[in-house]
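One structure below.
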Amino acid sequence: MRASPPGSARAADEEAWARIDPLWRSWAGAHGGHVAAAALTAMRERAVGEGRPVRALTAHFLAPVDTRPLHLSLARPSVGRRAATCAFTGHQDGATALVGSAVFGHGRRGPRYDGRSSPRVPGPADCRPLDLSAGLTAFARQVEIRPATEALPLAGGERAELVAWVRFADGRALDEAAVVTLTDVLPPALFARWRTPRPVPTAELTIHFTDALDAGALADWALVRIRTEQAGSGWAVDDSAVWAADGRLLALARQARVVQDTPAEHASAATTPRQETL
């Protein structure tokens with residue numbers, strides 16, 4: 001998920017090619033969090049450089065992104081006294097697939113406040129792994145998910161909320177790109193109420209980062225919570241939060257999702273994902 005090395009560029013923009021990992025496939029295309037992370041990595045490597053931590057990222061998904069390389073046009077950053085903003089546009093086969101922007105800014109001394117403490121749940125060692133069907137979410141094999149509450153996907157619960165410990169199967173560190181992926185890594189929160197899966201793709205994703213990563217990447221588990229704030233007329237609003245294993249908040253995210261019809265192949269064969277024994 002790295003941008004292409006520096007080369008020729010137009011006067012106003014930088015051009016980059018981002019690799020979309022075929023293992024990170026979702027229903028109709030690549031996992032939205034993975035694609036947004038690829039765009040952030042390209043901005044970091046080709047336009048913004050190191051030194052300014054990312055503070056916010058927004059991505060609008062106009063079409064599914066497949067496994068072909070994603071061509072990214074990166075606007076030259078607008079730099080102010082406190083922050084730099086960079087916009088991007090992603091194309092495949094000449095068609096626009098996503099647009100968005102990010103804000104980067106140095107840290108400085110200031111008051112501290114944390115109004116979103118991590119949920120009181122058992123640690124990952126005391127939670128059973130969840131076996132998500134690869135046919136349901138192909139990228140599920142790229143992460144280990146351990147639900148931290150009784151709520152499970154497709155279990156017909158009362159609340160549209162899921163809370164789980166998550167770590168990457170390849171052992172990658174919790175850097176800014178990994179945290180972007182984690183904000184979108186759990187099934188849509190409505191799955192906690194449903195018994196039959198249906199696609200709920202992301203139309204827009206906005207992530208706000210805390211200063212927890214300013215000193216560098218973290219390791220191991222993250223605690224992720226996603227919940228649906230409202231759904232109706234074929235749309236849903238999901239909020240998610242990501243905490244480090246030590247309880248520090250890493251990021252908050254909100255996304256607008258499209259609630260699609262249940263595919264025929266899933267309509268009569270829904271099963272609750274299996275939890276393994278410890």
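Over all pairs of different C-alpha atoms, the chain has a mean inverse distance whose reciprocal, the Kirkwood radius, equals 19.2 Å. Computed over the chain, relative contact order equals 18 percent, with contacts defined as Cα pairs under 8 Å that lie 6+ residues apart.
In this structure the amide hydrogen of residue 66, modeled in the peptide plane, comes within under 5 Å of the amide hydrogens of 30, none closer than 5 places in sequence on its chain.
Couplings 3J(HN,Hα) of the stretch 93-108, computed from phi: 6, x, 9, 6, 9, 7, 9, x, 7, 9, 10, 10, x, 5, x, 8 Hz, in residue order, whole Hz [Karplus 6.51 cos²θ - 1.76 cosθ + 1.60, θ = phi - 60°; x for Gly and Pro]. Taking θ as phi - 60° and the Karplus parameters 6.51, -1.76 and 1.60, the scalar couplings of the stretch 155-164 work out to 9, x, x, 8, 10, 8, 8, 10, 10, 7 Hz in sequence order, x denoting glycine and proline.
Which whole-number percentage describes the relative contact order of the stretch 1-127, with Cα contacts under 8 Å and a sequence gap of 6 or more?
24
Taking θ as phi - 60°, what are the ³J(HN,Hα) couplings along the stretch 51-60 by the Karplus curve (6.51, -1.76, 1.60), each to the nearest whole Hz, with x for Gly and Pro? Rounded to whole hertz, the list is x, 10, x, 6, 10, 7, 9, 10, 9, 10. Amide hydrogen proximity for residue 160: with H placed 1.01 Å from N in the peptide plane, the residues at 5 or more positions away or on another chain lying under 5 Å are 228.
The chymotrypsin sites (Phe, Trp or Tyr not before Pro) of the stretch 50-155 that DSSP puts in a loop, and whose beta carbon has at most 14 other beta carbons within 10 Å, are 113. Close amide-amide hydrogen proximity is noted between residue 251 and 210, 242, each under 5 Å apart and 5 or more residues distant or on a separate chain (H modeled in the peptide plane; Pro and chain starts excluded). For the peptides 236-242, 212-218, 197-203, 176-182, the ranking by packing is 176-182, 236-242, 197-203, 212-218, with the highest mean count of neighbouring Cβ atoms within 10 Å listed first.
Note on the stretch 141-230: with charges restricted to the Cβ of Lys and Arg (+1) and Asp and Glu (-1), its dipole about the Cα centre is near 540 debye.
Here the chain is treated with +1 on each Lys and Arg Cβ and -1 on each Asp and Glu Cβ, and its dipole about the Cα centre works out to around 580 debye.
Helices in the chain, meaning DSSP H runs of at least 4 residues, each add -39500 (n - 2.57). Divided by all residues, the mean residue ellipticity at 222 nm is -2000 deg cm²/dmol.
Since every read-out is calculated from the coordinates, none of them should be taken as a lab result. Everything numeric in this text was worked out from a predicted model, so none of it was measured. Cβ coordinates were reconstructed from backbone atoms using ideal geometry, including for glycine residues, and neighbour counts include every protein chain displayed.
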